[in-house]
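Structure first, then comments.
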Amino acid sequence: MLGDSITERWQDREGESVWRDRIAPLGVLNAGIDGDRTEHLLWRLDHGNLAGPAPQAVILLIGTNDLGHGRPPALAAEGIRADLLRLRARVPQTRILLLGLLPRERAPDAPLRREVGEVNRLVSTCGDGKSVVYADIGGVLLDPSGLLPPAISPDQLHFTAAGYARLAPPLGGLIGKVLGQ
């Protein structure tokens with residue numbers, strides 16, 4: 001699983017027990033790095049993150065920090081596409097689960113929330129349902145009004161154990177789908 005702090009924190013902070021109990025048993029290796037943007041991941045893909053045998057699958061969740069650093073959605077989406085292209089070139093037989101960016105900010109009409117939606121719209125076309133499966137699972141984090149509750153995301157970016165617990169079931173199902181189980 002490649003990504004930023006949202007990925008990294010599955011394993012070492014709020015989401016530790018959820019990761020241990022629900023995601024790690026699926027054979028997932030967490031390779032998230034706090035603060036990573038798409039170009040950082042691109043560098044990592046060229047400098048060791050893909051050393052060794054090709055993985056059966058890659059889960060990719062990257063791009064929210066691009067927005068957080070002022071990049072417009074179109075450029076964030078291009079960065080995600082560049083990472084996908086590099087993965088395809090380096091591990092052509094590996095299936096990829098491309099996750100849409102997860103909700104940011106409390107309200108549906110907040111600027112970063114709208115930008116997340118735009119990035120997701122742009123990258124959703126990258127999935128072919130076979131070698132690249134696109135999925136937007138962020139809706140499970142929202143309340144019925146579309147708000148991102150503080151109990152799920154106190155800083156409106158990272159998630160509590162309750163947030164990771166909501167993400168685990170759809171993610172687990174998608175991992176099974178990508179692996180053909």
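The values are calculated or read from the model by the stated rules, or taken from the named source; none is laboratory data. Because the structure is predicted, anything quoted here is derived from the model rather than measured. We place every Cβ from the backbone using ideal geometry, glycine too, and count neighbours over all the protein chains shown.
Structural remarks
- Inclusion of ALA51 among residues that are in contact (Cβ under 8 Å) with a residue 24 or more places away in the chain, more than 20 Å from SER5 (Cα to Cα), surrounded by fewer than 18 Cβ atoms within 10 Å (Cβ to Cβ) and among the hydrophobic types (A, V, I, L, M, F, W, C) is not warranted.
- Condition met for ILE62 (closer than 21 Å to VAL178 by Cβ, at pLDDT 95 or above, surrounded by 13 or more Cβ atoms within 10 Å (Cβ to Cβ) and out of contact with any Phe, Trp or Tyr (no Cβ under 9 Å at 6 or more places or on another chain)): yes
- Flag for GLY127 being out of contact with any helix residue (DSSP H, G or I) (no Cβ under 9 Å at 6 or more places or on another chain), surrounded by 14 or more Cβ atoms within 10 Å (Cβ to Cβ), within 18 Å of GLY173 (Cα to Cα) and not polar (S, T, N, Q): yes
- Flag for ARG71 being more than 16 Å from the chain's Cα centre (by Cα), closer than 12 Å to VAL119 by Cβ and basic (Lys, Arg): yes
- When restricted to residues that are of a type outside the set (Phe, Trp, Tyr), buried (at least 18 other Cβ atoms within 10 Å of the Cβ) and closer than 20 Å to LEU157 by Cα, the stretch 14-30 contains 4.
- Going through (1) more than 23 Å from ALA168 (Cβ to Cβ); (2) part of a helix (DSSP H, G or I); (3) in contact with a Pro (Cβ under 9 Å, 6 or more places away or on another chain) one by one, ALA54 falls short only on (2).
- The one condition in (1) touching a strand residue (DSSP E or B) at 6+ places or on another chain (Cβ under 8 Å); (2) not in a helix (DSSP H, G or I) that LEU174 fails to fulfil: (2)
- Failed condition for LEU101, given (1) buried (at least 19 other Cβ atoms within 10 Å of the Cβ); (2) on the phi > 0 side of the Ramachandran plot: (2)
- Counted residues, the stretch 40-69 - those being among the acidic types (Asp, Glu) and in contact with a Leu (Cβ under 8 Å, 6 or more places away or on another chain): 1
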